[in-house]
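Only one structure is covered here, and it is reproduced in the block below.
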Amino acid sequence: MADGCGEEASGQKTPNWGYYEAIFLVEIWADEEIQSRLSAMVRKHNIWDNIAAKLNNNDYKRTASQCKTKIHNLEQKYKKAKDLD
């Protein structure tokens, strides 16, 4: 599921992340309160649920797991690009 496209447990393909959808995800994730909670808590599933709920409230249908995976993949791509400099 490198770019948000893969298979869920049901075996159905998940749609690719759109540009504005990914930007909105990053904006939610980058919020100071979210970052504070992510760094302070060990069990983070509720935080990812809240992030997914904010996306869903704006007509982007994503699960907590999809959001977490997308952020992880974006972080990895950033680190790789940064290392190339």
Filtering the stretch 4-49 down to residues that are open to solvent by less than 70 Å² (accessible area, probe 1.4 Å) and modelled with pLDDT under 95, which residue is farthest from the chain's Cα centre (by Cα)? Gly11
Between a residue in the stretch 56-85 that is at pLDDT below 95 and any residue that is part of a loop (DSSP other than H, G, I, E, B), which pairs come within a Cβ distance under 9 Å, given they are 6 or more apart or on different chains? none
Mind listing just one residue for me: the one in the stretch 59-81 that is buried (at least 17 other Cβ atoms within 10 Å of the Cβ) and among the polar types (S, T, N, Q) and, of those, farthest from Gln12 (Cα to Cα)? Thr69
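The values are calculated or read from the model by the stated rules, or taken from the named source; none is laboratory data. Bear in mind that the values here come from a model prediction, so they are computed numbers and not experimental data. Cβ coordinates were reconstructed from backbone atoms using ideal geometry, including for glycine residues, and neighbour counts include every protein chain displayed. For accessibility, only protein heavy atoms count, side chains too; no ligands or nucleic acids. Shrake-Rupley method; radii C 1.70, N 1.55, O 1.52, S 1.80 Å.
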